[in-house]
Amino acid sequence: MLNKRTVLSLLVISLALNMMLPQPTYVSASMDESDFLKTDGKFIKNHSGIGSIVNLRGTNLGGWLLQEDWMGTLGVAGLEREGWVVSASLNADNAEAAIDGDTSTTWSSGANKSNGQWFQIDMGTKHLFNKISIDAASCIGGYPSAYQIMVSDDGTAWEDVASGTSDEENTVIRFSSQVARYIKVIQAGSSADWWSIAEINIYSEPVYGMENWTATASSSAVGTTPGNAFDGEQSTCWSNGTAQADGQWYQIDMGKVQPVKGLLLDSGASAPMDYPRGYRVQVSKDGADWTTVLNEYGASRITYMAIGGYDARYLKIVQTENAASNWWSIAELSIYTDGAFDREGWLATASQSGTLASNGLDGDTATGWSSGAPQTKGQWYQIDMGATHTFNQIVMDSGTQSSNDYAREYEILVSVDGSNWIQVAKGYGTRQVIPVNFPSVGARYIKIIQTGISSYYWTISELNVYLHVDEYSVRQKLSERFGNDTANNLFESFQDSYIQEEDLDHLAGMGINAVRVPIYWLELMNQDGTWKANPWTHLDWIVNEARERGIYVIIDLHGVPGGLNGYPTSGQTNANELWTDPWCQNKTVEIWKGIAGRYEGNSTIAAYDLLNEPVSSDSSIATANLYDTLYNEVRSIDPDHIIIINAFWDFSLIVPPSTFGWENVVYETHHYAAANNGRDTIDWNAQNNYIDYSLQNLAYYQKEWNVPIFAGEYSFWAFEDLWAKWMNGLNALNISWSNWSYKNTLGSEGWEPNKFWAFFHSNSHQGPDINNDNVDTIRSKWNAFATTDYKPNKRLINLIKLFAKDGSSVINQYALNRSNWSALASSTEAGGSPSNMLDGNYGTRWATGGLQTNGQWIQINMGKKQLFNKISLECGQTVYDEDYPKEYQVQVSGDASNWVTVASGSGFGYKMVIPFEKQYAQYIRVMQTGTKKYWWSVLELNAYCEPELNRSGWEASASSVESGGSVNNALDGNINTRWSTGIAQAGGQWYQIDMKQSQTIDGIFINTGEDTEDYPREYRVEVSNNGIDWLSVAEGEGDSAAIVIDFPVQNARYLRIKQTGSAANWWSIAELTVFGEAMMGSSGWSASASHTSLDSTPNNVLDGNINTRWTSGASQIAGQWFQIDLGSNQTFNQLELDVGTELNDFIRGYIIYVSTDLSNWETIATGLGDGSILRCNFPATNARYIKIIQTGEANNWWSIAELRLYQ
């Protein structure tokens, strides 16, 4: 393990994160046949596999040709409004405008808002619902200032189910689930604005039924019981019977472990002020071990809490504030799921029963309804849901004990009244679980009619009903409402807006050389399996645009007919029919044959990604078998393109290429560490450990299966240092990668990890209501998801840019020495001290001693000005893991008076590494800018910077030198001496250093010392390896006596600073510091080798003499090795092999291993040698032994003149 007090064990970019969005400029690099990719062993190469290694480094264009709601938007699905009648207290003749699906038309009160105005909906029949959205659209200020939501069965007797205030044009109101026919929204406030409704929609979000639940509480008022909170009656409630106080609690036992997505508490119409002033929500599977999932403040009668997904049986709400004048009351509560509708109170009947029809609704897969006889046409099973539901899928499960008792053929009918029936679907079953999709419909009754025959009984172990918003269901509904042509046109309009030429310009400007393009099968085919008239429009466009920019395209069939894993991300929720349905398999084959025929020989196409995240629905059907079928079908048309095989979830679920004789294949992996109910997303150690495991796992299969690996999807949340470590590790192994994804809508809520899903984030535009909005409204809402409608994640863009450009090196960074540092804070807990965060002891801490509030701060005095470009804050992994700042600003200062903000954001975990542009300052201040119901704690705070290179032996020269001065004064370590031009600044002046050997560098620091006005007014920094051919790496304007200049990592011997401005002042440099990889001394090291010629010794590589060498004394063959013993465990992140004068004796292929004990070895780099210096940069590793294995062959001997390590 690395010493956390002195070394940050992760790599962080040395390129300054200048927070500037890359400009959409690129150099035209149109591709030709020389760019055609094929595999060669572990590597992808151009020139059809015989050229140079090409590592694909890119991103996924997720949400484009397969819509996913969190990258663009699919929208929402409101209750079907057919037959609804609306009325209003004012301007009633125009009330229909609020339900016409057109946000450009509006009902308005026609008068200033005043208490008592109302808008009413008659839905015709009783419906199930628990959410309303009231959208004023473009009518600024048209929202209800205050409101009451009333419901009724008959339009006469009304019940108050929600009340509150609003200040948003789109007012979303949640409440406990209701079954009612009438809804009335009452304006309960007043203002000078009119009340306006462009669209009002009603929704039913899935919540759990609460039958057989039990509840307990810390206390209960006389006449109330904890069970009153979920009895479905607003008129009853649980109350604690006393003033709110910290520590009071209310607990629910749901009877079994199930996913919890959210929680709603309603204090009730009779006690709207009895909401919890502060609360902590805890969940548990056993009632003993509890996990806190929320710790927030209450603000109104209805408290809605999005929890994010925890598996729990028990749920506890703990009061964390005091309110002397209010009891704590809960009239109704709801617990949300993302699954099926609650079936409590539903009734089932059947044409014949061998078992009870109700068994199909009891939640127990061990029971079920059975026909009790072989399947025959006309048998039926019917459910009455008690009220009208809006739904678009049913799932029939015959159960594991009756897996062959699925319906052979079926017809699905629905009805509002049980008398008039409409057919919504028909089809055939192929396996135990049968998902049936149809355009969303509003109905109370569902009847399934058997239309096939079988010797097996017909069994329904469980029947569930769903409302999904995925691409399949949205396309179905839009086609039903508007016809196929209009539905396709709407999707095309979205797609044309979502990804445009400018997006490809941005990617090319970042240096990205590949895009993975997830597509849905309905992009190419109609739902009946016929080809669309223009299936290739968007694929052809992206291929042509990418070709112009030198970007490869990976075609990823992300969603197939019938579904391939049941995930909504693959286009069809709960559907996984590919494995058992011949029609789905045949159509998938047909799609790939069409793609192969279209793009055969196209050099822009990097690979065909046959199946995304395949999960077989039948354990007897191996994923590899279907892959082999697809492989052979593609190869029959296109023998040359790379085929990608998805190792999902792991390599253990797929077979090596030798099993079927696959050739020219790449294996793909996806990497998301989100275990422990998502807690790992804010757990630095969990993410770091996962990266360590994954890199070794990928290296193992890369070697053992002798195939290239492609990390096709990944995210490491807000941990920029870990993103850097991951991509650095992949590049060292020559593994291709593409992050997920190009953009996503998340992030506007302020949670930092969500922003790091993509290069562009935070789009809060409202998606369309698929069931109710008209064509123009849907098009208008979908067109609000162009990239310009998102916010750029400049930090991630710059991070990816560094690793995509050329896979360049990163510089390991070290914690600054904290001796003589001191700390202050705005407040400190009793008995604590700010200095605890600097003591290197993780058993001590600084803490505020109170809850987080805006304005709290900690301040560090480093004793003198120093250079640094990131800090780390650690609040502890276990006891204090929520004590990280809610929101923060990092500020720096030279005098503790004048402060500059260098970073800001939201907290994202108990260990936060925060990078910023390199600073030269003495003081660091971290400001708390948010509020949170936890203390703010810091166990340890560190600041980091790259090493300053040792300047011993360096030589300097310059265009001129002042009389009596010396060019070497800028390198002598004495701030009181200087080099100076001796004349006024003028363009063309220069200062140059010879570092005597090639160095890995990424920045310089120019300090003019006491001559504070002698800084260069304008400059250009150039590097060279021979002193003749120069590359410009940075340019800018000087503005102070201390100038920090960062640039992309370079390998160079010479560095030159050119003056490009002019000034009356001389140009002076008191000290010039160069940052980069610091070469380690080799004293105490020893070397050994598998082969050594008689006239050389392995230790020659450590003697510092380029004219001596070790050589194998034999032709290069796979298996030769060279090993270094460093004498003790040491940290390093770059290795160089220099062949010296024997230019052709470079290693042809290599794998580099490290070990602490000569027994357990880890792979850190894999590749091919191609020149006299092999330079391998990898994540910082701590080891004693290094072994380099030869994997290539050549007639030349293998020689090493010098082996260098860097840290």
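Remarks
- Computed about the Cα centre, the dipole magnitude for the chain is approximately 1600 debye when only Lys and Arg (+1) and Asp and Glu (-1) carry charge, each at its Cβ.
- Whole-Å distance, taken between Cα centres, linking the stretch 1073-1103 and the stretch 359-425: 75
- Long-range amide H partners of Leu816 with built H, under 5 Å: Ala943, Tyr944, Cys945
- Folded to 0 to 90 degrees: helix 471-482 orientation relative to the chain principal axis, Cα: 50
- For the stretch 1061-1182: rounded, prolate or oblate by the Cα gyration tensor [a/c cutoff 1.5]: prolate
- With neighbour counts taken as other beta-carbon atoms within 10 Å, the residues Leu490, Leu66 rank, fewest first, as Leu490, Leu66.
- Dipole of the chain [Lys/Arg +1, Asp/Glu -1 at C-beta], most positive-end residue of Ala221, Ser980, Tyr147: Ser980
- For the chain, the residue among Gly368, Ala825, Tyr552 whose Cα projects farthest onto the positive side of the dipole built from Cβ charges is Ala825.
- Stretchable slack from Leu356 to Ser270, in nm (0.36 nm times residue separation minus alpha-carbon distance): 26.7 nm
- Relative contact order (%) - the stretch 869-968, alpha-carbon pairs under 8 angstrom, separation at least six: 36
- Gained length - Asn820 relative to Lys805, 0.36 nm times residue gap less alpha-carbon distance: 1.3 nm
- Over the stretch 214-336 - Rg/Rh using Cα atoms and the Kirkwood inverse-distance radius: 0.93
- The distance linking the stretch 573-619 with the stretch 452-524 is 15 Å (Cα centroid to Cα centroid, whole angstrom).
- Here's the picture: charge each Lys and Arg Cβ at +1 and each Asp and Glu Cβ at -1 in the chain, and of Thr430, Leu478, Trp757 the one pushed furthest to the positive end of that dipole is Trp757.
- For Rg and Dmax of the Cα atoms in Å, the value computed from the atomic coordinates appears in the list (1) 33.6, 110; (2) 33.7, 118; (3) 38.1, 121 under label (1).
- For the stretch 800-846 versus the stretch 155-179, the gap between their alpha-carbon centres in whole angstrom: 49
- For Met71, Met31, order by how many other beta-carbon atoms lie within 10 Å, fewest first: Met31, Met71
- Taking all Cα pairs closer than 8 Å and separated by 6 or more residues, the relative contact order of the chain comes to 10 percent.
- Fully extended contour minus Cα-Cα distance, from Ser636 to Ala92, at 0.36 nm per residue: 189.2 nm
- Across the stretch 430-586, the fraction of Cα-Cα pairs farther apart than 28 Å, rounded to a whole number, is 34%.
- Folded to 0 to 90 degrees: helix 794-805 orientation relative to the chain principal axis, Cα: 60
- Mean residue ellipticity (222 nm) of the chain, computed from DSSP H runs ≥ 4 via -39,500 (n - 2.57), nearest 500: -3500 deg cm²/dmol
- The charge dipole of the stretch 347-467, taken about its Cα centre with unit charges on the Cβ of Lys, Arg, Asp and Glu (plus for the first two, minus for the last two), comes to roughly 300 debye.
- Residues of the stretch 534-572 with amide N under 20 Å of the 7 Å Cα→Cβ point at Asp485: 534-538
- Given charges at beta-carbon only (K, R positive; D, E negative), |dipole| of the stretch 955-1076 in Debye: 320
- Calculated FRET efficiency for the pair Glu1037/Ser952, C-beta based, R₀ 41 Å, to 0.05: 0.80
- The mean sequence separation of alpha-carbon pairs under 8 Å and at least six residues apart, normalised by the residue count of the stretch 422-527, gives a relative contact order of 22 percent.
- Semi-axis lengths, Å, the stretch 955-1076, gyration tensor of Cα atoms, sqrt of 5 times eigenvalues: 21, 15, 14
- Relative to the longest principal axis of the Cα atoms of the chain, helix 623-635 runs at roughly 70 degrees.
Every number here is computed from the coordinates shown, using simple stated rules; none is lab data. Only a predicted model underlies this, so the values are computations on that prediction, with no experimental measurement involved. Cβ coordinates were reconstructed from backbone atoms using ideal geometry, including for glycine residues, and neighbour counts include every protein chain displayed.
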